[in-house]
Amino acid sequence: MFKELFARARQGHHTIPYPRSLPVLPDRLRAAPELDPARCPADCRACVETCPTAAILRDATGPILDLGRCLFCGDCAAACPANALRFTPDHRLATRSREALVLRDRQHRGDLRLEAARRRLFGRSLKLRQVSAAGCNACEADLNVLTTIGFDLGRFGIQFVASPRHADGIVVTGPVSENMKLALEKTYAAVPAPKLVIAVGACAIAGGPFAGHAEVRGGVSAAIPVPIDLFVPGCPPHPMTILDGLLGLLGRGPR
Amino acid sequence: MTRSDEQDPGRDGNDPGALGGEGRVDPRAHEPGPALAAFRNGRSLALEEIPVLSLEELRNAVIQAPNGHGRVSALFAVPAADGFTLYAVLSCEADGLIRVGRAALAEPSFPSMTPECPQVHLFERVLAERWGLVPEQHPWLKPVRFAPPWSREPDLDPPLSAERSAIALEHPYRIDGSSVHEVAVGPVHAGVIEPGHFRFQCHGELVMHLEISLGYQHRGIDRALAGGPAPRTIPYVETLAGDTTIGHTLAHCELVEALSATRVPPRALSIRAIALELERLANHVGDLGALAGDVGYLPTASFCGRLRGDLLNLSAALCGSRFGRGLVRPGGVAFDLEPERVERIAKGLEATLGDVGSAVTLLWESPSVMERFENTGVLTPDTADALGLVGVVARAAGLDRDVRHDFPAGMYRLAQIPTSVARTGDVFARAYVRWLEVQRSGRFLHEQLRALPAGPVRRPAAELRPGRLAVSLVEGWRGEICHVAITDAQGRFAAYEVVDPSFHNWTGLALALRDQAISDFPLCNKSFNLSYCGHDL
């Protein structure tokens, strides 16, 4: 008993003060990108050609980056001869719509909040069922870490639950393999309405590196015809990116 | 141990291309089994140097492997003009050599090796599932990944059938009886974890057999890697098992470097080892916390949950990704460490490991924890050896088996980490081996960070040489990661095999659960903590 108390005293307090203040994230974190199309040399396609997942296109006005497909590997920024593209450590990336993940200069996320009816219902208590549909265990780990004392997801009234019947929505990770499609459908169907669908990670949004594989469906919306309420891009997203999205959805993020 | 970059790394054996002896068959390889090509981890051989044996000779080599001169690290088939070529990769801890042999397989069936050599049971099941090559007399020919058969044309997608989502509905092995019942779990589990399906065949509370069906995570990476290197090759290997990004990417890059005779600068070797050991620390600490959680001992569970995150953050300080994405690249690493960053990581590590020590030693001092850990899920050394188990699970069952020690590559040739072994094979042993490894990896990291070699961190990787085979073994935090590649006449991957440690170890979990209470499953499962996607690919 005393040993536990001594250990407890030694370990100290570690829950981050977020959302009162923003956390300091690693300087090398590759999150919110910034594009400067004015710098793009004409006819340069270096970023387009280096991208492993075809997340960058180029038209007459400049590059178009789709964060839904992006793995945040940074190869495009390294390949750019004009420093027209860089990834900043700003973790705020989650969006309500697929379109808001596609950007030409910087991200314009708009309002993340759910409509009033569901926000009233879920705003103070949100129970989520996580479905890993061929996720590689990185997105899963960064969801799991939110429940540790470092983030303490429970203090926001958000909790991962064991049964879809106890849940208000599902959080899907992975590109949805053929072999997981049925289980995903059944889990979604078992959640009582009204419900939420949250896609976490490049795989769940657009198939990630597995887009086009015959063995996967290429993301949640390609697998089951349901509306997605929150897109959290990344490979995997930083836990803060996920937390920012969840709190934004409930209208409880930093002021 | 600071070394200047001018020193030729080939002198101490780091340069695959500079050594005259590369690929030469070691004379010892001829004794006592049939002649196989023998070489060291992270080297390559010209295909002509690999002897073509008769199927009978290759069978004998594989069957005799566990009797003192090897373990089957990989067994796979490659389409040939006339049927298939069967390759066997045996790794021999006694002399640190990897042996490779091959045989032509003209018939669509062959006599199974599993009855005489149980550790190839899954490899043979994959041969049957992928290529329709039937190992006759195989005791248990169940699909592995529930994937459609491969086409001999690598670019052709497999045919999809509407029935593919029904893994859980197929259960070829079942115990029947009036007082026997079955409990089915998954694929969607209670926690935030990957999917798999478990069927417990129970007599009362006792589990007579655990039937594990995986394949839900199959993304087709195995099929997609052939034909590379391609722009997606690195993202594929980084996500083979997302919690083992460094381990798998390192195995891949060492393979590419062996095939292209690329020299990796010493500074990069050190940074790679730092990243690999940080990955091991984060996962071992997380596992120790989760084991505490599974027996309801909350102090260690909650401390370690936070500490695991702090260790992942050290990886993020290295390269921006908590999982080491973007760090390891062919020819070296993509990020250098300036002195201030090294200092920051070393300080963070020291503080974190101090807290880990305080959190973990509580476990061994708590009788209620030890009562649950000891004698639960026992795996005997004989079973572990027969199944060819690897990593923490094998070492906890008394097998002295660690790639870093037995088949050292990269920095592990120069800086050794003692192998951590326990004897009892139970949950306690698997937990305690993790704790020993946390301490030893911590000391290794301390040394590496204090004496980082000078020089560049990356040299451009050359083109892959055509017509060669390379094997690379890496001790990931779960155990031996094996990547094997064969290049074609153009220097592309004609075949690329990945064997995750979980591929060997899942059967160990099934056997450890026999005669255990069903309520001990979460604890046993966590003590193995195997990868689903690493197995399913």
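The values are calculated or read from the model by the stated rules, or taken from the named source; none is laboratory data. Quantities reported herein were computed from a predicted structural model and do not represent experimental measurements. Note that we place each Cβ from the backbone using ideal geometry, even for glycine, and neighbour counts take in every protein chain shown. Note: areas computed on protein heavy atoms with side chains; ligands, DNA, RNA excluded. Shrake-Rupley method; radii C 1.70, N 1.55, O 1.52, S 1.80 Å.
Data table
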{"item": "Check on B:E497, assigned by TED's automatic domain parsing to the domain that holds B:V237, assigned to a loop (DSSP other than H, G, I, E, B) and of a type in the set (D, E, K, R)", "result": "no"}
{"item": "Cβ pairs under 9 Å, 6+ apart, first in the range A:102-117 and under 17 Å from A:F87 (Cβ atoms), second open to solvent by 70 Å² or more (accessible area, probe 1.4 Å)", "result": "A:R104/A:T61; A:Q107/A:R92; A:R109/A:R92"}
{"item": "Residues (among the hydrophobic types (A, V, I, L, M, F, W, C) and over 13 Å from B:P231 (Cβ atoms)) located in the range A:47-64", "result": "A:L57, A:A60, A:I64"}
{"item": "Evaluation of A:R217 against (1) open to solvent by 50 Å² or more (accessible area, probe 1.4 Å); (2) within 13 Å of another protein chain (Cβ to nearest Cβ); (3) farther than 24 Å from B:I221 by Cα (one fails), failing number", "result": "(3)"}
{"item": "Residues located in the range A:6-30, provided they are more than 9 Å from chain B (Cβ to nearest Cβ) and of a type in the set (A, V, I, L, M)", "result": "A:A9, A:I16, A:L22, A:V24"}
{"item": "First in the range B:357-385 and under 13 Å from A:M1 (Cα atoms), second anywhere and open to solvent by 10 Å² or more (accessible area, probe 1.4 Å) and of a type in the set (K, R), Cβ under 9 Å, 6 or more apart", "result": "B:L362/A:K3; B:E365/A:K3; B:S366/A:K3"}
{"item": "Residue match in the range B:200-214 (condition: within 25 Å of B:Y496 (Cα to Cα) and outside the structural domain of B:G42 (by TED's automatic domain parsing))", "result": "yes"}
{"item": "When residues of the range B:83-135 are limited to those that are out of contact with any Pro (no Cβ under 9 Å at 6 or more places or on another chain) and among the acidic types (D, E), the one modelled with the lowest pLDDT", "result": "B:E107"}
{"item": "Residues of the range A:36-52 classified as at the interface with chain B (Cβ under 8 Å from one of its Cβ atoms) and open to solvent by 60 Å² or more (accessible area, probe 1.4 Å), total", "result": "0"}
{"item": "Identity of the residue in the range A:22-35, surrounded by fewer than 17 Cβ atoms within 10 Å (Cβ to Cβ) and at pLDDT 90 or above, that ends up farthest from the chain's Cα centre (by Cα)", "result": "A:D27"}
{"item": "Those residues of the range B:276-304 which are surrounded by fewer than 24 Cβ atoms within 10 Å (Cβ to Cβ) and small (G, A, S), in sequence order", "result": "B:A290, B:G293, B:G296, B:A301, B:S302"}
{"item": "Criterion: at pLDDT below 95 and buried (at least 17 other Cβ atoms within 10 Å of the Cβ) - qualifying residue of B:R434, B:R413, B:R430", "result": "B:R413"}
{"item": "Failed item in (1) under 18 Å from B:I271 (Cβ atoms); (2) out of contact with any strand residue (DSSP E or B) (no Cβ under 9 Å at 6 or more places or on another chain); (3) not aliphatic (A, V, I, L, M), with B:G479 passing the rest", "result": "(1)"}
{"item": "Set A:D75, A:D90: member being more than 30 Å from B:T300 (Cβ to Cβ), within 14 Å of chain B (Cβ to nearest Cβ), touching a helix residue (DSSP H, G or I) at 6+ places or on another chain (Cβ under 6 Å) and open to solvent by 50 Å² or more (accessible area, probe 1.4 Å)", "result": "A:D75"}
{"item": "Selection count, the range B:309-323, where residues are in a helix (DSSP H, G or I) and facing another protein chain (nearest Cβ under 10 Å)", "result": "10"}
{"item": "Residue within the range A:123-139 that is within 19 Å of B:Q217 (Cβ to Cβ), open to solvent by 10 Å² or more (accessible area, probe 1.4 Å), touching a strand residue (DSSP E or B) at 6+ places or on another chain (Cβ under 6 Å) and within 14 Å of chain B (Cβ to nearest Cβ) present", "result": "yes"}
{"item": "Residue that is farthest from the other protein chains (Cβ to nearest Cβ) [pool: residues in the range B:324-340 that are open to solvent by 10 Å² or more (accessible area, probe 1.4 Å) and in contact with a helix residue (DSSP H, G or I) (Cβ under 9 Å, 6 or more places away or on another chain)]", "result": "B:P330"}
{"item": "For A:C235: the one exception among (1) open to solvent by less than 20 Å² (accessible area, probe 1.4 Å); (2) under 26 Å from B:G309 (Cβ atoms); (3) within 11 Å of another protein chain (Cβ to nearest Cβ)", "result": "(1)"}
{"item": "Test: B:R130 is assigned to a helix (DSSP H, G or I), within 14 Å of chain A (Cβ to nearest Cβ) and touching a residue at least 24 places away in the same chain (Cβ under 8 Å)", "result": "yes"}
{"item": "When residues of the range A:164-202 are limited to those that are among the hydrophobic types (A, V, I, L, M, F, W, C) and within 8 Å of chain B (Cβ to nearest Cβ), the one most open to solvent (accessible area, probe 1.4 Å)", "result": "A:L182"}
{"item": "Evaluation of B:P522 against (1) within 14 Å of another protein chain (Cβ to nearest Cβ); (2) within 13 Å of the chain's Cα centre (by Cα) (one fails), failing number", "result": "(2)"}
{"item": "Qualifying positions in the range A:92-133 - of a type in the set (A, V, I, L, M), more than 19 Å from A:P175 (Cα to Cα), in a loop (DSSP other than H, G, I, E, B) and under 15 Å from the mean Cα position of the chain (by Cα)", "result": "A:L93, A:L112"}
{"item": "Scan of the range B:507-520 for residues that are open to solvent by less than 20 Å² (accessible area, probe 1.4 Å), in a helix (DSSP H, G or I) and touching a Phe, Trp or Tyr at 6+ places or on another chain (Cβ under 8 Å), ordered by number", "result": "B:G508, B:L509, B:A512"}
{"item": "Subset of the range A:143-152 (residues that are buried (at least 21 other Cβ atoms within 10 Å of the Cβ) and more than 7 Å from chain B (Cβ to nearest Cβ))", "result": "A:L146, A:F151"}
